[in-house]
């Protein structure tokens, strides 16, 4: 198998898999309820707006923004009745300018909806911009995030009796393990590696050493995988 360098993104940051994250702020008597959802596609992002319209049906505004894709090519926002440019755009900027590490603005696959209950005090255009931006930024400060990397899955076939030992040794060596399949005659372990020839070669040598040359690591497809760092 040949490996070619390309310009596609190889990593980004997103919300951890799990339930929506919620956080509420009160600003001059108005309630701003921010809900974040991990959204790998536009359908998932738009479903968050629909879900919250049903749940908070009596709220005046359900403003939204989302950014999707490893390259963050899909970016949308909505003011939902607030003065133009005072809600959706500040929310979107809070997403795309979020630093997940010093100098790293790589947050993606995230949708944000801010539900507003008007408190009777007008905030003005500047006040609305600050309120919606702060609502999303504060929620992101508290929400659980995870790194995602495009990795090469490689498989190795071993006897059932050896699968647990080999998996533990590879994990101990710092490798990211994917799924293990137990078939009739053998187990198939999958390791997620950097999609580079030298990383594959190093892992092949490690597997050969751990199995006394009785097993070979075979590159398969690439896949996006959540990793801790």
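The values are calculated or read from the model by the stated rules, or taken from the named source; none is laboratory data. This one's a predicted model, so the numbers in the text were calculated from it and none came from an experiment. Virtual Cβ from ideal backbone geometry, glycine too; neighbours counted across all protein chains shown.
Residues that are on the phi > 0 side of the Ramachandran plot, assigned by TED's automatic domain parsing to the domain that holds residue 59 and in contact (Cβ under 8 Å) with a residue 12 or more places away in the chain: does the range 119-132 have at least one?
Initially, the range 119-132 is screened for residues on the phi > 0 side of the Ramachandran plot, giving 120, 124.
Applying the additional criterion that residues be assigned by TED's automatic domain parsing to the domain that holds residue 59 yields 120, 124.
In the following step, the residues that additionally are in contact (Cβ under 8 Å) with a residue 12 or more places away in the chain were identified as 120.
The answer is yes, given that some residue of the range 119-132 is on the phi > 0 side of the Ramachandran plot, assigned by TED's automatic domain parsing to the domain that holds residue 59 and in contact (Cβ under 8 Å) with a residue 12 or more places away in the chain.
Report yes if some residue within the range 145-161 is surrounded by fewer than 16 Cβ atoms within 10 Å (Cβ to Cβ), free of Cβ contacts under 8 Å to residues at least 40 places away in the same chain and under 19 Å from residue 12 (Cα atoms); otherwise report no.
For the range 145-161, residues surrounded by fewer than 16 Cβ atoms within 10 Å (Cβ to Cβ), free of Cβ contacts under 8 Å to residues at least 40 places away in the same chain and under 19 Å from residue 12 (Cα atoms): absent.
What do you reckon, is residue 134 at pLDDT 95 or above, more than 22 Å from residue 16 (Cβ to Cβ) and out of contact with any helix residue (DSSP H, G or I) (no Cβ under 7 Å at 6 or more places or on another chain)? It would help to see each step written out before you state the result.
On the way: at pLDDT 95 or above: yes; more than 22 Å from residue 16 (Cβ to Cβ): yes; out of contact with any helix residue (DSSP H, G or I) (no Cβ under 7 Å at 6 or more places or on another chain): yes.
Answer is yes for this residue.
If you take the residues of the range 73-100 that are in contact (Cβ under 8 Å) with a residue 40 or more places away in the chain and within 21 Å of residue 228 (Cα to Cα), which of them is surrounded by the most Cβ atoms within 10 Å (Cβ to Cβ)?
Per the stated criteria, the residue is 95.
Here are the criteria: (1) under 19 Å from residue 23 (Cα atoms); (2) surrounded by 14 or more Cβ atoms within 10 Å (Cβ to Cβ); (3) in contact with a strand residue (DSSP E or B) (Cβ under 6 Å, 6 or more places away or on another chain). Tell me which single one residue 118 does not satisfy.
Only one criterion is unmet by residue 118, namely (2).
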